[in-house]
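A short write-up of the structure that comes next.
Rule-based calculations on the coordinates, nothing more; no lab input. Since the structure is predicted, the reported quantities are computational estimates derived from the model, not experimental observations. Please note: Cβ atoms are built from the backbone with ideal geometry, for glycine as well, and neighbour counts cover all protein chains shown.
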Amino acid sequence: MKRIFFTIIALSLLCLCGDVRGADETGFQLSTHILDVNEGRPAAGITVHLYRYNEVSLEWEYIYQTKTNEAGRVGDLLPRGNENSGTYKFRFDTSAYFSAKGIRPLFPFVEVVFTVTDKSDYHIPLTISGNGYSVYRGS
């Protein structure tokens, strides 16, 4: 139990203290990063869907789909300089990732809804395990 606690603390500090943007992410306003707290490692190969909420039709509109890289990151979302204000949703498809590790996850996917209100950077990290997840706004 102590090992898991210290792994979570270490990963949290890494996200808070490290540069969360890779060299290829400087031209984008929105990024994410997934860490597997069971293994204490980045979660590579997870499919990430991005949707935007349409205030007129009251429906989610599909924008983009990609997979996390070897570092568990996606940084090529919402180009900087565009008017990106609005309500968005990430859908992280975690089921295949955990199934490949022989784990049947409690949450087969994670949806995170957030609002972009200005032109600053939005980094939305996700920490996952087979039985839970946590999300926050990083820097």
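At full extension, SER120 and TYR136 could sit 4.2 nm farther apart than now, given 0.36 nm per residue minus the alpha carbon distance. The simple spin-label model puts a point 7 Å past each Cα toward its Cβ; for GLU70 and TYR53 those points are separated by 3.8 nm. Modelled spin labels at ALA44 and SER85, positioned 7 Å past Cα toward Cβ, are 4.0 nm from each other. With the Kirkwood sum run over all distinct C-alpha pairs, the range 40-88 has a hydrodynamic radius of 12.4 Å. Counted by Cβ distance under 13 Å from GLU83, the other residues give a net charge of +2, where Lys and Arg count +1 and Asp and Glu count -1.
Report, please, the projected area of the range 58-129 averaged over directions, based on the convex hull of its C-alpha atoms, in nm².
Working: hull surface 23.6 nm².
Approximately 5.9 nm², given one-decimal rounding.
Stokes-Einstein, applied to the Kirkwood radius of the range 18-139 over Cα pairs at a viscosity of 0.890 mPa s and 25 °C, places its translational diffusion at 166 µm² s⁻¹.
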